[in-house]
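Notes for the one structure printed next.
The values are calculated or read from the model by the stated rules, or taken from the named source; none is laboratory data. What you see is a predicted model; the values in this text were computed from it and never measured. Ideal geometry is used to build each Cβ from the backbone, glycine not excepted, and the neighbour counts take in all protein chains shown.
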Amino acid sequence: AQSVTQLGSHVSVSEGALVLLRCNYSSSVPPYLFWYVQYPNQGLQLLLKYTTGATLVKGINGFEAEFKKSETSFHLTKPSAHMSDAAEYFCAVSGNSNYQLIWGAGTKLIIKP
Amino acid sequence: SQTIHQWPATLVQPVGSPLSLECTVEGTSNPNLYWYRQAAGRGLQLLFYSVGIGQISSEVPQNLSASRPQDRQFILSSKKLLLSDSGFYLCAWSVGTWGTGELFFGEGSRLTVL
């Protein structure tokens, strides 16, 4: 069965430090990969996605992620954290149909001043 | 541009009472529509999706139901709420395939069942 694992339900970094949120997936077919962000009491917003081509994907707000097929990973990074990055981040992969996404449990990013 | 509206934003209901959450999408035709639930610390759970008017697929057995009376309207209902129905409910829409599209989410409805 397909699954998505996000390592760490909470990640805390200092303002200005590197942000690294980990996502590993299992899939029997090459997936499409997504990162979404959710600010408190709001819906989710797409940060970036990988479909085909270049494995380093750039998204909004300075985030990027790299698809590593050999490691079945799609980790999210940002060189320098801002206070406004505090939110919950979800990794998702395409399922067996056009209507199914497999979601990770989410990682809450905490930014320390 | 496309927008999605979801209401009410907040709802406090007693156990055993009915529920109706509504979602409408503007600016697109024949979208795929979804209802997700987000319980505290448990990520996103797909409840229902719909590929067309009157077509509803249920992902998880529960005392909730969904209906799609119009192309861009999706309704989540319950006849009798349970305590376990508390959570944050998100409506979403998509078009095309995941290779070309994405999920667009509403602002969510927070339901507390007491």
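Considering each residue of segment A:14-33 in turn, at least one proves to be in contact (Cβ under 8 Å) with a residue 60 or more places away in the chain, touching a helix residue (DSSP H, G or I) at 6+ places or on another chain (Cβ under 8 Å) and of a type outside the set (A, V, I, L, M, F, W, C).
Give the residue that is nearest to B:Q70 (Cα to Cα), with candidates limited to residues of segment B:81-114 that are of a type in the set (S, T, Y) and not in a strand (DSSP E or B). Restricting to residues being of a type in the set (S, T, Y) and not in a strand (DSSP E or B), the top hit is B:T97. The C-beta contact set for segment A:78-105 (first residue touching a residue at least 60 places away in the same chain (Cβ under 8 Å), second residue surrounded by fewer than 16 Cβ atoms within 10 Å (Cβ to Cβ) and β-branched (V, I, T), distance under 9 angstrom, 6+ apart or interchain) comprises A:C91/A:T5; A:S94/A:V29; A:S94/B:T97; A:N96/A:V29; A:G104/A:T5; A:A105/A:T5. Taken together, the residues in segment A:43-71 that are closer than 13 Å to A:C23 by Cα and surrounded by fewer than 16 Cβ atoms within 10 Å (Cβ to Cβ) amount to 4.
Tallying residues that are modelled with pLDDT of 95 or more and more than 14 Å from every other protein chain (Cβ to nearest Cβ) within segment A:29-60 yields 2. Residues that are crowded, with 16+ Cβ neighbours inside 10 Å and more than 11 Å from chain A (Cβ to nearest Cβ): does segment B:102-111 have at least one? Yes - at least one qualifying residue is present in segment B:102-111. Note on segment A:1-25: residues that are of a type in the set (V, I, T) and away from every other protein chain (no Cβ under 14 Å) total 3.
Selection of segment B:23-47 for residues being more than 13 Å from chain A (Cβ to nearest Cβ), surrounded by 16 or more Cβ atoms within 10 Å (Cβ to Cβ) and without any contact (Cβ under 8 Å) to a residue 60 or more places away in the chain yields only B:T24. Within segment B:1-19, which residues are closer than 19 Å to B:F48 by Cβ and surrounded by 12 or more Cβ atoms within 10 Å (Cβ to Cβ)? Passing the criteria: B:I4, B:H5, B:Q6, B:W7, B:L11, B:L19.
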